[in-house]
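Right, one structure below, let's go through it.
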């Protein structure tokens with residue numbers, strides 16, 4: 001498996017653990033529908049469903065996580081989230097978050113959680 005895939009999987013596992021530490025309940029990991037994928041779908045409390053995009057870096061030279069989630073990616077995430085919501089018959093409060101994980105030598109250096117990072121139009 002290529003190194004960047006290993007890095008991404010490690011970052012997603014760290015992000016899920018981070019959210020669980022906040023008391024969130026992970027509903028799905030790597031949910032796929034069509035061309036879209038949502039890294040983590042979690043419940044923050046009883047009624048808030050959060051769709052989380054995880055961006056993992058092994059260095060900090062690529063800018064912030066918000067920059068990596070452009071309008072095209074936001075649209076794809078929103079469409080995929082809509083499919084998930086239809087599948088579970090959910091029509092209530094949602095949010096889109098981004099978690100940035102910075103790894104150095106396979107050790108977590110920093111986790112940044114950007115809540116309500118975007119709302120697709």
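Quick note: the coordinates plus some simple rules give every number you see, no bench work behind them. Since we're looking at a predicted model, the values are computed, not measured. Neighbour counts run over all protein chains shown; Cβ positions are idealised from the backbone, glycine included.
Taking a ≥ b ≥ c as the square roots of the eigenvalues of the Cα gyration tensor, an a/c ratio of 1.5 or more together with a/b no larger than b/c marks the range 1-50 as oblate.
Taking label positions 7 Å along the Cα-Cβ direction at both residue 26 and residue 48, the computed distance is 2.0 nm, reported to one decimal.
Regarding the chain, what is the average projected area of its C-alpha convex hull, in nm²?
On the way: hull surface 30.3 nm².
The Cα convex hull of the chain, projected and averaged over all directions, gives 7.6 nm².
Each Cα pair under 8 Å and six or more residues apart adds its sequence gap; the mean of these over the residue count of the chain is a relative contact order of 25 percent.
What is the extension gain from residue 115 to residue 6, computed as 0.36 nm multiplied by their sequence separation minus the C-alpha to C-alpha distance, in nm to one decimal? Intermediate results must be reported in sequence, preceding the final value.
Numbers: separation 109, 0.36 × 109 = 39.24 nm, distance 2.51 nm.
Result: 36.7 nm gained on full extension.
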